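Peer 1: Have a look at the structure that comes next, please.
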Amino acid sequence: MYYGAAAASPTARADDYRDLLEGLHLPAAPKTVVSDKDEAIAAAVRQMWPDGSPDAPFAFSCEHHLRLRAQSALAKDKADAGRGRWMRRLDTAFRRTEGWEEFVAVAGELGAAAAWVAEHGPAIAVQVARRHELPPHRSTAGAEAAAARLRKIFEARSFALRNARRTNLLLGLARLHLNNADDVQTYHRILREHAEANGGSAARRQRTGRDNYAPGATRATPSLRVPVAVTARPPS
């Protein structure tokens, strides 16, 4: 798995996601941006590539999460039996237009599932119709797995991660390690060169433990939230 980008932030607003996207330094706009219908991510994508522009990516809703939500609606109707006709239709609902139409037809016989389809159906129909044109990246599962590995490394220490700059530098080192791109000799050389250039001392800003530190403060809000991992591909 390739860890494309990760960032720590006390918030998860559009500007935060835009900073993350800009940090990828993509050579071109991606064909799709897959997310779990996160409005902040959608807003960041529109800021980067406005709707209607020729390079605007297609906003693709994660099929895994769509299925979970549809199944939850079926469960409310007590129609989520694994071999039942509704679940069989759900198995192909997001793969092709005919499959979605078949699911819509059988969901119309129910209550909660019909309401779910009425709310989300138009956007899903557009996505399903274009699915074959888009790159085969249809789930956020890869990003979630990457975030889980980063969380495993940092979560127990998150109470101490109160400086965003230092935390993001640390996330960069973790990315190098998880991508098998770290090198002990290179680290040794960089540390020695830095120490020699600064008389054996770290730079002053590196010693700041907190963001917006105020003398006498007893605690600060940790900077680290769940790390966001993004992998993006430019159009071929």
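Peer 1: Against the conditions (1) in contact (Cβ under 8 Å) with a residue 24 or more places away in the chain; (2) closer than 30 Å to ALA12 by Cα; (3) not aromatic (Phe, Trp, Tyr), where does THR97 fall short? Just the number, please.
Peer 2: Checking THR97 against (1) in contact (Cβ under 8 Å) with a residue 24 or more places away in the chain; (2) closer than 30 Å to ALA12 by Cα; (3) not aromatic (Phe, Trp, Tyr), the one that fails is (2).
Peer 1: Next question. Pull out all pairs, ordered by first then second residue, where Cβ-Cβ is under 6 Å, the residues are six or more apart or on different chains, the first lies in the stretch 141-163 and is in contact (Cβ under 8 Å) with a residue 12 or more places away in the chain and farther than 18 Å from ASP36 by Cβ, and the second is among the polar types (S, T, N, Q) and buried (at least 16 other Cβ atoms within 10 Å of the Cβ).
Peer 2: From residues that are in contact (Cβ under 8 Å) with a residue 12 or more places away in the chain and farther than 18 Å from ASP36 by Cβ, the pairs are LEU161/THR167; LEU161/SER223; ARG162/SER223.
Peer 1: Name every residue in the stretch 48-63 that is over 21 Å from ALA105 (Cα atoms) and surrounded by 14 or more Cβ atoms within 10 Å (Cβ to Cβ), in order of residue number. Outline the logic, then answer.
Peer 2: Pass one, the stretch 48-63, residues over 21 Å from ALA105 (Cα atoms): 48-62.
Hits for the stretch 48-63 are MET48, TRP49, ALA56, PRO57, PHE58, ALA59, PHE60, SER61, CYS62.
Peer 1: On the basis of being part of a helix (DSSP H, G or I), under 18 Å from ALA5 (Cα atoms) and modelled with pLDDT of 85 or more, does HIS177 make the cut?
Peer 2: So HIS177 fits the description; yes.
Peer 1: Another question, if that's okay. Do you know which residues across the stretch 104-121 are in a helix (DSSP H, G or I) and farther than 16 Å from LEU68 by Cβ? Walk me through how you get there before you give the answer.
Peer 2: To start, the set of residues in the stretch 104-121 that are in a helix (DSSP H, G or I) comprises 104-107, 112-121.
Within the stretch 104-121, VAL104, ALA105, VAL106, ALA114, ALA115, ALA118, GLY121 qualify.
Peer 1: Considering only residues that are crowded, with 18+ Cβ neighbours inside 10 Å and assigned to a helix (DSSP H, G or I), which ones fall in the stretch 132-146?
Peer 2: Passing the criteria: ALA143, ALA146.
Conditions (1) in a helix (DSSP H, G or I); (2) within 30 Å of ALA29 (Cα to Cα); (3) modelled with pLDDT of 60 or more, marked per residue:
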position	(1), (2), (3)
SER158	yes, no, yes
ARG166	yes, yes, yes
LEU169	yes, yes, yes
LEU191	yes, no, yes
GLY200	no, no, yes
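Peer 1: Taking only the stretch 108-126 into account, find how many residues are crowded, with 18+ Cβ neighbours inside 10 Å and modelled with pLDDT of 95 or more. I'd like the intermediate steps shown before the answer.
Peer 2: Looking only at the stretch 108-126, we keep the residues that are crowded, with 18+ Cβ neighbours inside 10 Å, and these are 110, 113, 116-117, 124.
From what's left, modelled with pLDDT of 95 or more: 113, 116-117, 124.
So the count comes out to 4.
Peer 1: Among the residues of the stretch 138-172, which ones are basic (Lys, Arg) and within 19 Å of ASP16 (Cα to Cα)? Quick ask: steps written out before the conclusion?
Peer 2: Residues of the stretch 138-172 basic (Lys, Arg): 138, 149, 151-152, 157, 162, 165-166.
Once the filter is applied, which keeps residues that are basic (Lys, Arg) and within 19 Å of ASP16 (Cα to Cα), the stretch 138-172 yields ARG151, ARG162, ARG165, ARG166.
Peer 1: Do you know which residues across the stretch 17-44 are in a helix (DSSP H, G or I) and buried (at least 19 other Cβ atoms within 10 Å of the Cβ)?
Peer 2: The answer is TYR17, LEU20, LEU21, ILE41, ALA44.
Peer 1: Next up: Pairs under 7 Å by beta carbon, first residue of a type in the set (Asp, Glu) in the stretch 68-82, partner in a loop (DSSP other than H, G, I, E, B) and surrounded by 15 or more Cβ atoms within 10 Å (Cβ to Cβ), six or more apart or different chains?
Peer 2: ASP77/LEU110
Peer 1: Quick check on my filter: what residues within the stretch 74-87 are in a helix (DSSP H, G or I) and in contact with an Asp or Glu (Cβ under 9 Å, 6 or more places away or on another chain)?
Peer 2: LEU74, TRP86, MET87
Peer 1: If only one of HIS65, HIS25 is out of contact with any helix residue (DSSP H, G or I) (no Cβ under 9 Å at 6 or more places or on another chain) and under 30 Å from LEU90 (Cα atoms), which one is it?
Peer 2: Values: HIS25 fails: under 30 Å from LEU90 (Cα atoms).
Among HIS65, HIS25, only HIS65 is out of contact with any helix residue (DSSP H, G or I) (no Cβ under 9 Å at 6 or more places or on another chain) and under 30 Å from LEU90 (Cα atoms).
The values are calculated or read from the model by the stated rules, or taken from the named source; none is laboratory data. What you see is a predicted model, and the numbers here were worked out from it, not measured in a lab. Neighbour counts are summed over all protein chains in view; Cβ atoms, including those assigned to glycine, are modelled from backbone coordinates with ideal geometry.
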